Structures are given as structure tokens and as C-alpha cells.
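Chemist: What follows is a structure written as C-alpha cells; I'll ask about it next.
The values are calculated or read from the model by the stated rules, or taken from the named source; none is laboratory data. Because the structure is a prediction, the values reported are computed rather than measured. When we count neighbours, we look across all protein chains shown, and the Cβ atoms used for this are built from the backbone with ideal geometry, even at glycine.
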Ligand code: FAD
Ligand code: SIN
């Protein structure tokens, strides 16, 4: 079955939805999303969106904080563009109906004329986090999804998982999509999870907005959709990917066997929460002058060090001194969730551990979200734009997605108007010779093995030996998946497994390449930063496969 539209958008988080609303003014849009449309990292975002709203803050300060956090690898032009564009994009969200928290208007010391309540997070020297209580993402997702679902030019396909991009040179060979470089994108093969059929989506412009890859690691704050599909698809199609060694571990996820690494927002520390050890002693002052509000890479490594030294299973985050009323009003969701797991954060510290949270690298783009494949755009966590460098500053991710979906939409509309696009003769999906699998155990076993090996060998602290071990194992697994993929009919679990394996392999390659420690990449064999040799991005592009 072939479905044609001007724009194909893969993903329904903040990046995909915002782009959809904008380009729908110029053409027809198919938006595919692999589960229920609201299932996305966006929907779980807590702290908020970083942006400058009046004195004492300034664009310069936000720019400097972003550059400092990025540890020498941010692209300054990108940082300036994103920071300066931020307020306009947040006002746009407000005009669409997003309800951010406001402050008491009777307080004359509050300079922001819009009266947005501005929180603080690690690495920020001023209060600048616009938020909707502690559920910012849920509020943004709710509003954007409502608009998208009501738009008559946008068709949303839920439970549709994109398998691979189609380029003008794509040839099908029993489930394997074969492409060459010097290509342009003209759609994607998409697996309909309800009918188990593969559909061919043909489009003039395609956007990858598939979010992050937290599920590559055993412990992650991310929901199940975060399997790095866009990075893997982009790479397989020949796009350049960059900086995948920089995986961000959030310092504070709730430590409880059933909590699935529920995130405890950095805003808790922004509002006075302190990290303490099992004896009640604070420890961050040993690691950074900014203490609990140091950048995330520093705090996560400090916790890792404390846990290794003490042999304890968690450290603790204590905000109980702020009082019950404040905590219940400012963090209603965290309070409720923690209580479900038996912790009352108004009267006791919460046990917390770091977990994989955000991938700073991704498919490399220019300042309009374009990749090196024609007509293929990437926005949001899947992209590597140059904003985050070696370590993303807290709450800069939603900001980046907002600004880039705006820029990319403008460029894509222009491309649509000016290019003479002809759909090539696209082959439909070929599954000849494949059979239903009788070995699903292989899929679940390999899922588990990849996530464990990435946690154990490619985590917060790395070494050449651990990386080499990870590389040997992942190569075996990738070969096994390849053989399996060739023989059996696809399932969504198999597609995701193939993608986490690809992303794991790419993370390992990037990490092995960088012989220094910088930002989120820490290798005990090269504990120092080496600007002379390594102040540069890591790029990977798949060898020609035609
Ligand atoms: P997502 O929101 O993850 O959306 C991706 C979409 O793609 C989903 O709809 C998914 O189902 C779909 N998809 C994936 N693969 C496929 C496929 N193969 N086919 C079809 N569809 C597919 N950032 C901040 O700036 N501030 C915060 O406060 C903040 N808090 C966070 C808290 C948590 C718990 C987490 C996990 C992240 C947080 N982040 C925060 C990071 C931020 O939420 C994400 O980086 C951002 O939402 C990513 O948006 P996105 O649109 O790129 O991807
Ligand atoms: C948080 O609320 O701590 C998450 C913020 C982010 O990931 O930017």
C-alpha cells in the first residue's frame, strides 16, 4: 500500500508536532508514530524550558552557561541563534494554549513583565526555566497534539513504526533496504503494528523526529519508545551522525525496583534540594564549587564515585526542609509518584541513582535542520545541531526542538515551493522467503544483553579495555540480528532491537575514537581534556553500500 503526501513526519513529540503544525500551512502531512501519539520523551519532561525573560538574566548569560556546559564543543552560532529565538517560541506555545506557571503579580521585585515563574536547574547562573508545575512536557504535548489532531491537512497514523527511509536509489531485497550516497529522501517504509503489514509512505520532504535512545542502556529515565530509531535509520540511509559518545546520565532517578527509573527533576535541587550520602552528609562540595547545582556530567560522576567508594546502592536527595505546602504545590507529580513507592518527600530524603537520560549526539544537521541527504530533515533529540556540545545544559532540549522545528519548517516549505520534485519509482516492501519467527527468545535475550553491556562497559566511567570488550560483544550481536532479520518476518520488537544494536555500536565507535575526557565522555585512561587534539566533533558515516 502506497500513501503519498508533501511531508512525512516520523514522531509525535514536541519536534514532530511543532513541525507538523507549521508545514501543514503549505501542504499535506502524514505523521506516523509508533505507539499512542502522546507516548514520547516530551510527555515525561518535568523541569521545563530554558529561556531568557528579562533582567537580571540576559541572552549573554544563557549563551555562556550553554557553552560552559558543552565543555568546548558547542557551535557558538547555533547557541546564539537558539538562545535568542527562545522567548518568541515560548510565547508561541503560550498563544497555542500552553499553561505555564506564573508568579504572584503583586511582587514588584519580579522583573519579568509576563510574570512567568522561572525555575533554576544545574549549570544555570540565573533562574530561567519556564515550566508547568513539574509536568511541563505533558502540558506541551497535550496542547500540540490537540492542534495537530484537529488540523484537516494532517493525518496521524498511530501504531505505525518506521522501518527505514527510502531514498531515490533505494532497492529492496528481502526486507533489506539498500541505498547509496548522493541521494535524496522520498519517504519511508512503515510497519503497521495493528495489521502487521508494511506500508510505503512517499513524501517530498521527510522529517525524522523520533527522539532519544535511552533504551540502549539498562537503566534509563526514558520511556520505552526511546530506541534510537531515527539515528539508526538516518545512518543506514547514509546520513552523517555525530558526537554519539556524549550520553547524558541524569543524576537523580528514584531508586526503587518498581520505579523504572522515575526521574526526580533537577528543579528539586534548583529549589534547594541537597544530595546527601547514607549518613546524611552532603558531598557535592568536594566535587564542584557549584555544589548540587553543578552541571549534570559532574553531578552524575560524583554520585558514581560516592557509590563505588561506599558500596551503597543509592545516595539521597533531601528537600524536606522546604516544608510540605511548598513541596506539594511546586512538585505535585513527584510528590504523588514518590508516595506510591513508599517515600514521603515532605518528611524524608529520596533514594536516587543516575540513569541514562539524553543523547547529545545524533544525525548531523545544519542550522535549518537539513541533513546531508536531500529532502531529509532531523529535529529534536534525534539531531546533533551543535547546541549541546559535550554536555547538554538542563532544559535546553525542549528549547532546541522548538527553535529547530520552526527553522526547519520554514526551510522545508521553501524547498517544497522551489524544487521540482518527482517521485522515483519506489519499490514496495519485499518479504519474499521470510517466515514467522519461532525464536522470539533471541530478540528478548539480545535486547537484554545490549542494554547490560552498554551499562557496564559504556556508562558514566569508561576505559579502553571496557570499550574494547563492548565492541567485541556488540559485533557478535549485530551479526546475529542481521542473520535473523534476513530470515524472519519483522515485528516491532525486532525493528527496535536492530536499532538499539546499531546505536550501541555507533556510541562505542565514537567513544573509542575520542582519546580524552570531556563533558559526558570520561575515560580513565585519558582523564584530562585535550583541546589541542580533540576539540572537535566526532563524525561517522556509513561506507558506501550500493
Ligand atoms: P520525543 O518527544 O521522544 O518524541 C519521539 C516520537 O517519535 C515519539 O512519538 C515516538 O513514539 C516516535 N518514534 C520513535 N521511533 C519511531 C519510529 N521508528 N516510527 C514512528 N515513530 C517513532 N528536556 C528539557 O528541555 N526539559 C525538561 O524538563 C526535560 N525533562 C525530561 C524528563 C524526562 C523523564 C525525559 C525522559 C526527558 C526530559 N527532557 C527534558 C528531554 C526532552 O524531553 C526530550 O529530549 C525531548 O522531549 C525530545 O523531543 P523529540 O520530539 O525530539 O522526541
Ligand atoms: C529535569 O527536570 O531534571 C530534566 C531536565 C532536562 O532533562 O533538561
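Chemist: Would you check if residue 372 is surrounded by fewer than 24 Cβ atoms within 10 Å (Cβ to Cβ), within 27 Å of residue 518 (Cβ to Cβ) and in contact (Cβ under 8 Å) with a residue 12 or more places away in the chain?
Modeler: In short, yes.
Chemist: Report yes if residue 32 is within 16 Å of ligand 2 (Cβ to nearest atom) and within 19 Å of the chain's Cα centre (by Cα), otherwise no.
Modeler: Details: within 16 Å of ligand 2 (Cβ to nearest atom): no; within 19 Å of the chain's Cα centre (by Cα): yes.
Taking the combined requirement at face value, the residue does not satisfy it.
Chemist: Quick one: residue 257 ticks every box in (1) away from ligand 1 (no atom under 16 Å from the Cβ); (2) in a loop (DSSP other than H, G, I, E, B); (3) within 28 Å of residue 511 (Cα to Cα) bar one, so which box is it?
Modeler: Only one criterion in (1) away from ligand 1 (no atom under 16 Å from the Cβ); (2) in a loop (DSSP other than H, G, I, E, B); (3) within 28 Å of residue 511 (Cα to Cα) is unmet by residue 257, namely (3).
Chemist: Moving on to the next point. Scan segment 234-252 and give yes if some residue there is more than 19 Å from the chain's Cα centre (by Cα) and assigned to a loop (DSSP other than H, G, I, E, B), otherwise no.
Modeler: yes
Conditions (1) under 25 Å from the mean Cα position of the chain (by Cα); (2) within 11 Å of ligand 1 (Cβ to nearest atom); (3) at pLDDT below 95; (4) assigned to a helix (DSSP H, G or I), marked per residue:
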| site | (1), (2), (3), (4) |
| --- | --- |
| 328 | no, no, no, yes |
| 336 | no, no, no, yes |
| 348 | no, no, no, no |
| 353 | yes, no, no, no |
| 358 | yes, yes, no, no |
| 368 | yes, no, no, no |
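Chemist: Select, from 460, 426, 474, the only residue that is under 30 Å from residue 523 (Cβ atoms) and not in a helix (DSSP H, G or I). Reasoning before the result, please.
Modeler: Details: 426 fails: under 30 Å from residue 523 (Cβ atoms); 474 fails: not in a helix (DSSP H, G or I).
Exactly one of 460, 426, 474 is under 30 Å from residue 523 (Cβ atoms) and not in a helix (DSSP H, G or I), namely 460.
Chemist: Something else: Taking the criterion of being closer than 18 Å to residue 164 by Cβ and either modelled with pLDDT of 95 or more or near ligand 1 (Cβ under 9 Å from one of its atoms) (or both), would at least one residue in segment 34-42 satisfy it? Spell out the reasoning first.
Modeler: First pass over segment 34-42, keeping only residues closer than 18 Å to residue 164 by Cβ: 34.
Restricting the remaining residues to those that are either modelled with pLDDT of 95 or more or near ligand 1 (Cβ under 9 Å from one of its atoms) (or both) gives 34.
Yes, some residue in segment 34-42 is closer than 18 Å to residue 164 by Cβ and either modelled with pLDDT of 95 or more or near ligand 1 (Cβ under 9 Å from one of its atoms) (or both).
Chemist: Under 18 Å from residue 73 (Cα atoms), buried (at least 20 other Cβ atoms within 10 Å of the Cβ) and touching a helix residue (DSSP H, G or I) at 6+ places or on another chain (Cβ under 6 Å), is that true of residue 502? Before the answer, list the steps.
Modeler: On the way: under 18 Å from residue 73 (Cα atoms): no; buried (at least 20 other Cβ atoms within 10 Å of the Cβ): yes; touching a helix residue (DSSP H, G or I) at 6+ places or on another chain (Cβ under 6 Å): yes.
No.
Chemist: Is there any pair with a first residue in segment 387-399 that is within 9 Å of residue 360 (Cα to Cα) and more than 7 Å from ligand 2 (Cβ to nearest atom) and a second that is at pLDDT below 95 and assigned to a loop (DSSP other than H, G, I, E, B) whose Cβ atoms are under 8 Å apart and which are 6 or more apart or on different chains, and what are they?
Modeler: 391/295
Chemist: Got a number for residues in segment 433-455 being in contact with a helix residue (DSSP H, G or I) (Cβ under 9 Å, 6 or more places away or on another chain), exposed (fewer than 13 other Cβ atoms within 10 Å of the Cβ) and assigned to a helix (DSSP H, G or I)?
Modeler: Here the count works out to 1.
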